[in-house]
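None of the figures in this text is laboratory data; all of them are computed from the coordinates on show. Every value quoted in this text rests on a predicted model; they were computed, and no experiment measured them. Cβ coordinates were reconstructed from backbone atoms using ideal geometry, including for glycine residues, and neighbour counts include every protein chain displayed.
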Amino acid sequence: MTTSELNSPGYEIPSEVEGAVAITTIDRIYNFGRRSSIWPMMFGLACCAIEMICAQASRYDLARFGMEVMRPSPRQSDLMLVAGTVTKKMIPAIVRLYNQMAEPKYVVAMGACASGGGPFKEGYNVVAGVDKFIPVDVYVPGCPPTPQALIYGLNELQRKIDKQSLKEVRWYRKGPDIVEVPIPMLGPDLIDPRRIPQLKLELAKMEQAAAQQTTQAPETKA
Amino acid sequence: MATPVQTTLDLSEKFPGFVAADTRPGYSGWIVAPEKLIEFAIFLHDGLSYDFLSNLAGVDYLPEGKMEVVYHVYKTTGGPALIFKVQVPRADPIEVPSLTSVYPGAELQEREAYDLYGIRFTGHPDLRRILMWEGFEGYPLRKDWKEAFYEDDLKPFKSRWPEGKIKMAEEKNPHGDNIRFPAGFDPEKWVPTDPEELLYASLKNYYSEDKDGVKTDHVVVNMGPQHPSTHGVFRAVVVLDGETVLSLKPVMGYLHRNHEKIGERNTFLQNMPYTDRLDYFNSMTNNWGYALAVEKLMAIQVPERAEYIRVIMAELSRIQNHMILIGMLLNDLGAYFTPALYAFEERELILDIFEAVSGSRMMCNYYRFGGVVRDLPEGTLDKIKSLVLERLPKKVEEFDRLLSENEILVARLKGVGYLSGVDAIAYSMAGPVLRATGIPYDVRRADPYGIYDRFDFDVAVRTNGDLYDRYLIRIDEMRQSLKILSQAVKQIPEGPVLTGKPQYQVRVPAGEAYGRVEGPKGELGFYVVSTGKPNPWRYHVRAPSFINLTALEKMCVGGKIADFVAILGAIDIVLGELDR
Amino acid sequence: MYGKGLLKGLGVTFKRYWNTYWEDITWVLSNKGKRYYTPEGVAHRSSKDARGIFTVQYPEEKLPVPEEFRYIPFLVYEEGPNGEKNIRCTSCGICSKVCPPQCIWIVRTNDPATGRPVPAPAEFYIDADICMNCGFCAEYCPFDAIKMDHNYEIASLKRNVLDKEQLMKPLSYYAGIRPANYAREEAARAEKAAAKAAKQEA
């Protein structure tokens, strides 16, 4: 750690104490407390949920890692373990739950379906990976990942938390307390509010292309 | 070869001009004109005592311009199916009379046919979309409806080899995502209408009542999809008067993964791992049902050893399913996790066997057309024997001792959620729920498949029809499964396990077949239509969890909201097969 | 009697509680060594005699996976005398045809000199975020070139699309994870080679 890093922790420091604040061990204690008591949210959607329950049950015990209880309520949990296929009908509920979680919050995409659509990617009701809507921290591939693979993934998350620093975490910076993801709407198909202007452009382009084709076809016929 | 049909009575003579035999090659059954459909159904139900409607599926015959609805009915006294179909021209609006007046169990299946094909059933009490949301554009399972990530009609896709430049599916769609919109759609001007108006309109009306001078309101509560006790993403909308349930509507489709549309695109062999993910607790049973349907079409025999292995795997699957079910039911009742942990222990040992045999704990992908994919490895049969003959009987008894006489359990389960036998058959319930009402209908006895006719076992039956019996019958069934297993592990012969060479391009002759097995949750059926190509034309799954929910409202109305949770837990639903 | 069922159930729970201590004590008294963090202990806790504590403490104690276990596929290469990697795959394309979710992309190129296809893949991609671990690619490969891996510790911080380099693993690794299958396939190969040699001589 260089002197300049030590002296710029991201806070406003009065000039009298400038040069006198460093936050190395506090980071480690803070992170140790956070990584040892992550409470997952009971969010099993499909088959991966069973392996998640198995990871919590008698043979592979998640409570050894501090993941003592699985809280069904998002207000009381730290980790959203998206286990299973994310469908368009379900995604508004998922985004709403993600918004209701309190900081610091993490998301682990468990299984092939939550990571990238999985074997059902080509379906008309399937969202190709939950990271299209909410930010994901760790991806655990597999269909379904065995409980040992899931525990490895959760340990990976714990290692990621270890590397975080008080200087850089979002919830202690200036700015809005919570950044909410806008909830998608179910119309003729799934509509993501963040992409509405872009969608409009794409639809206009598609209509133009279709109109061009119909004007070209009679020309070629004639 | 198609499912055998009752040929003793020529129904075309009974209804001349309106009923004709289905003479397409590989097909069987009767084609009924729509105007006589209800009269025909009443004759079957009352006159010939075909009281159990097993399957109702829509089929799209685009090249012939017809939309067909196919029905499979059975007698609860046992025997083969009677298949009948209705064919209507494929021009909107497509209308078929609804059979809910004769077979109330057709209600949810007709809603599904409406949702996915656009067939309007006249006379249906509540025709709304069930798996997709109201406002969704189009009828997805029609052959001319292409989804957003559509690449090719049939697999294998040509873009993967030899010109295998990797291109994510997102790049092919102009929106970069799995969405498509109708022409002329403007996302900025579109006003989100409430897609649930029809749902709330179908409930009993919300009104406030004056009881002894106190104004009380009825409350509408949404349970789910994220709820600690619904077994997966299932939602129920209940209207409550205090704590008493007045009206209840299930909402499904939160895990609709388009299994049937993908199934029509896959080859026959590629569908096998997808069937694992239907009822994800019992992948062995799902595989067997699908293999049965296709083997009927291909008319191939399965070797002896493979039949025994199939029975062993299916019965082990049944035991671990019932263990989990009891554990999760107790979880719902409030005994947080202790019985579930004990159940999970035994399940882990059974899953170790599945892992050793097939390679994966849950998604086994073990059965093939003509047998199973590989023989049991060294030492596995001894492990199975030691489990079945020594450990599991003791553990089932221990479970019984732990729970069955527990006063709290008895108080919560006895007399709750009553359903009579007659109602159960009318609502097409199948499986342990039906047998708990006193009707001894088990597909392994009524219409034996595989080698079940060689084993000496009893069909578990209880007579009270309430939740306590549904709990006890699962323990009975575990004991019967252990009985079958102990016979099977002693009688298993040596020999090959797969007929013919392993082939990945299976050519299946044209025709239709309905293969059904007695799954732990009920009767699991696969309806497969083939046109002689390597891909099926229609692939439909008769899911027991889906159809067992038809009677949910009847069982819950009048009880308390806490009982609803217990009733749902004891029906044993799994969302993978409910929503497909 | 009121309360009898509850007492019976509590008896079962108490017996299990007692066993968690008693099993540890009897294990130590019969001089079997440490009960935890040893392979014998793990094996006992996953056998039919498992009583008391059932937990397998991953990551310190890893439950060994059986031979048939399948996770993500990998490509087999044979190590040549100078350390070069001779990949067995001939880019015949059967694995990509038989894959149910179609997650395998293979580029087969033609030799510019002869115009015939080169029996090796130019590019080979597997999208592990689509792969359903079914094992069909390994089951139907006629050249024993693609096999299912046992490694399940592949969680990562980003999406997993694997290319040819990441997928290649040596034949010795395959022999280590699947000894019975390896022995059977080598025997079949040796038979074929002997039959071919006999035909050539004749």
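Points to keep in mind about this one:
- Distance between modelled label sites at residue B:91 and residue C:55, nm, 7 Å Cα→Cβ extension: 7.0 nm
- Three-way shape call for chain C based on the alpha-carbon gyration tensor, with the a/c threshold at 1.5: prolate
- Per-q log10 I(q)/I(0), region B:208-345, q = 0.09, 0.14 Å⁻¹ (Debye; single scatterer per alpha-carbon; no solvent): -0.48, -0.90
- For region B:457-540, the alpha-carbon coordinates run over 49, 36, 15 Å along the three principal axes, in decreasing order.
- Taking all pairs of distinct alpha-carbon atoms in region B:523-575, Kirkwood radius in angstrom: 13.4 Å
- For chain A, the Cα gyration tensor yields ellipsoid semi-axes of 40, 27, 15 Å (square root of five times each eigenvalue, largest first, whole Å).
- Selection from C:96, C:141, B:459 lying farthest towards where the dipole of the protein assembly as shown points positive, charges on Cβ: C:141
- Whole-percent pair-distance distribution, where bins are 10 Å wide, for the alpha carbons of region C:71-170: 15, 48, 29, 7, 1
- Fewest-first ranking of B:338, C:38, using other Cβ atoms within 10 Å as the exposure measure: C:38, B:338
- When only alpha carbons are used to place a centre, region C:117-174 and region B:288-316 end up 30 Å from one another.
- Couplings for region A:146-163, taken from phi via the Karplus curve 6.51 cos²θ - 1.76 cosθ + 1.60 with θ = phi - 60°, read 5, x, 5, 5, 5, 5, 4, x, 5, 5, 4, 5, 4, 5, 5, 4, 4, 7 Hz in order; Gly and Pro are left as x.
- Highest mean packing comes first when the peptides B:556-565, B:303-312 are listed by Cβ atoms within 10 Å, giving B:303-312, B:556-565.
- When the alpha-carbon atoms of region A:71-183 are used, the pair Rg, Dmax equals 14.5, 43 angstrom.
- Aspartates and glutamates whose Cα lies under 15 Å from that of residue B:533, excluding same-chain neighbours fewer than 8 positions away: B:153, B:264, B:512
- Kyte-Doolittle mean at least 0.0 and Cα axial length at least 27 Å: DSSP H helices in chain B: B:304-333, B:338-358
- As a rough guide to protection, the peptides B:170-180, B:11-21, B:399-409 ranked by mean Cβ packing within 10 Å, highest first, stand as B:399-409, B:170-180, B:11-21.
- Region C:48-70 and region B:430-489: distance between their alpha carbon centers, rounded to Å: 33 Å
- Counted by neighbouring Cβ atoms within 10 Å, the residues A:29, B:439, B:573 run from fewest to most as A:29, B:439, B:573.
- Where trypsin sites (Lys or Arg not before Pro) fall in DSSP loop in region B:92-165, at most 13 other Cβ within 10 Å: B:165
- Candidate cross-link partners of residue B:383 among the aspartates and glutamates, defined by an alpha-carbon separation under 13 Å and a same-chain spacing of 8 or more, comprise B:352, B:355, C:49.
- Where N is the number of residues in region B:265-579, Cα Rg divided by 2.2 N^0.38 Å: 0.98
- The stretch between residue B:190 and residue B:499 holds 105.5 nm of extra length on full extension. This uses 0.36 nm per residue minus the Cα-Cα distance.
- Calculation over all alpha carbon pairs of region C:1-64 in 5 angstrom steps from 0 returns a P(r) of 4, 16, 22, 21, 13, 9, 7, 5, 3, 1 percent.
- Peptide B:232-242, shielding by other chains (average Cβ, 10 Å cutoff): 2
- Remark: for residue pairs B:501/C:199; B:66/B:296; B:165/C:97; A:121/C:169; B:165/C:164; B:261/B:296, the C-alpha separation exceeds 18 Å in B:501/C:199; B:66/B:296; A:121/C:169; B:261/B:296.
- Eigenvalues of the alpha-carbon gyration tensor of region B:238-292, scaled by 5 and square-rooted, set the equivalent ellipsoid semi-axes at 36, 14, 8 angstrom, largest first.
- Bins of 10 Å from zero: percent of alpha-carbon pairs in region B:4-122: 13, 49, 33, 5
- Residues with amide H under 5 Å from that of residue B:94, placed H, sequence gap 5 or more: B:120
- Residue pairs exceeding 28 angstrom between C-alpha atoms, taken from A:89/C:147; A:205/B:189; A:88/B:146; B:385/C:62; B:490/C:147; B:483/C:48: A:89/C:147; B:490/C:147.
- Taking a ≥ b ≥ c as the square roots of the eigenvalues of the Cα gyration tensor, the protein assembly as shown is rounded, since a/c falls below 1.5.
- Three-way shape label, region B:401-493, alpha-carbon gyration tensor, a/c 1.5: oblate
- Taking other C-beta atoms within 10 Å as the exposure proxy, B:501, C:196 rank B:501, C:196 from fewest upward.
- Close amide H contacts of residue B:499 (hydrogens built in the peptide plane, cut-off under 5 Å, sequence separation of 5 or more or a different chain): B:371.
- Charge dipole (Cα centre; +1 on Lys/Arg Cβ, -1 on Asp/Glu Cβ; no other charges) of region B:265-579 amounts to roughly 780 debye.
- Residues whose placed amide H lies under 5 Å from that of residue B:130, excluding near-sequence neighbours: B:115
- When peptides A:78-90, C:44-56 are sorted by average Cβ neighbour count within 10 Å, with the highest value leading, the order is A:78-90, C:44-56.
- Sites matching chymotrypsin sites (Phe, Trp or Tyr not before Pro) across region B:158-263 that sit in DSSP coil, with at most 16 neighbouring C-beta atoms within 10 Å: B:190, B:206, B:207
- Dipole of the protein assembly as shown [Lys/Arg +1, Asp/Glu -1 at C-beta], most positive-end residue of B:125, A:94, B:299: B:299
- Descending semi-axes in Å of chain B, equivalent ellipsoid built from Cα gyration tensor: 34, 33, 26
- Of A:132/B:158; B:155/C:196; B:395/C:4, pairs whose Cα-Cα distance is over 26 Å: A:132/B:158; B:155/C:196
- Between residue C:175 and residue A:170, the C-beta separation translates, for a Förster distance of 41 Å, into a calculated FRET efficiency of about 0.25.
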